[in-house]
1. When a footprinting reagent is the concern and you count Cβ atoms within 10 Å, what order do Phe108, Phe48 take, fewest first?
2. Count charges around Gly12 for me, please; just the other residues with Cβ under 10 Å from its Cβ, Lys/Arg as +1, Asp/Glu as -1.
3. For the chain, what is the mean residue ellipticity at 222 nm derived from helices alone (per DSSP H run of n ≥ 4: -39500 (n - 2.57); sum divided by total residues; nearest 500 deg cm²/dmol)?
4. Which order do the peptides 65-71, 206-212 come out in when sorted by mean C-beta neighbours inside 10 angstrom, highest first?
5. At a 10 Å Cβ-Cβ cut-off, how would you order Thr205, Thr193, fewest neighbours first?
6. Tell me the net charge near Ser43. Cut-off is 15 Å between Cβ atoms, Ser43 excluded, with +1 for each Lys or Arg and -1 for each Asp or Glu.
7. Write down the radius of gyration of region 2-118 and its Dmax, each obtained from C-alpha positions, in Å.
8. Please state, rounded to one decimal and in Å, the Kirkwood hydrodynamic radius that the chain gives when every pair of distinct Cα atoms enters the mean of 1/r.
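Bear in mind that the values in this text are calculations on the coordinates, not laboratory data. Remember, predicted model here, so these are calculated numbers, not experimental data. Note: ideal-geometry Cβ built from the backbone for every residue, glycine included; neighbour counts use all protein chains shown.
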Amino acid sequence: MKVVIAGAGAVGTFVASDLKAANHEVLLIERNVDLVARLRPASDVELFLGDACEVSDLHEAGISDADVMVAATGEDQVNLVISLLAKQEFAVPRVVARINEPRNKWLFNESWGVDVSVSTPHILTGLIEEAFSVGSLVRLLEFKGGQAHLIEVTLAEDSPAKDRSILDLEFPRDATIVAVVRGEQVVVPRGDTVLQGGDEVVGLTTPSSEDAVKRILIGETR
């Protein structure tokens, strides 16, 4: 997989190193001359000196065959422009954008070319809620500008889904269970998987199916 990352700050360089260690082809774009000069001698990732907000620089960097574009700079307006160019000018299949200011989250959607937006404060909030919330639905991550949610529910002992198979629960067509965490074990769910109290159920929902999933896993009164 070829991944192009715009922004060689702490976030961009860390993600680039991790992906390189996982044997992906990684290109890091940075416009700061001094930063590139400082990073290049010790970096095992290909560095390109250029402005990811300029179409000509993106062409020269060769992002047309990228599988993923990551806009990871410290400026939201820059990340939005990079995302839009990657999607509209180069048709990059997957565009991931970093949100620096949580109040700007509403902008990071398909109209700006963003497939997945990542907001550290929102992720931290979700993880904190996930750790302490039993019998509540917690959104962990959004995709497609909010059109799909990665959600988690820790089943209470009185959950209507307890001791029932996933098939019998009749989830909506636009929702699915992707994993069940039971103690220290991760269960890959099948139709005959029977849910238990205390299970951490991870699923994908859409806005239209979320209420139905709540009723199935939590019940009407929670």
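1. Ordered by Cβ neighbours within 10 Å, fewest first: Phe48, Phe108.
2. Here the charged neighbours net out to 0.
3. Helix contribution divided over all residues of the chain: -8000 deg cm²/dmol.
4. Those peptides, ordered most packed to least, come out 65-71, 206-212.
5. With the fewest neighbours first, Thr205, Thr193 line up as Thr193, Thr205.
6. Local charge sum for Ser43: -3.
7. Considering region 2-118 through its Cα atoms, Rg and Dmax are 13.0, 39 Å.
8. 19.1 Å
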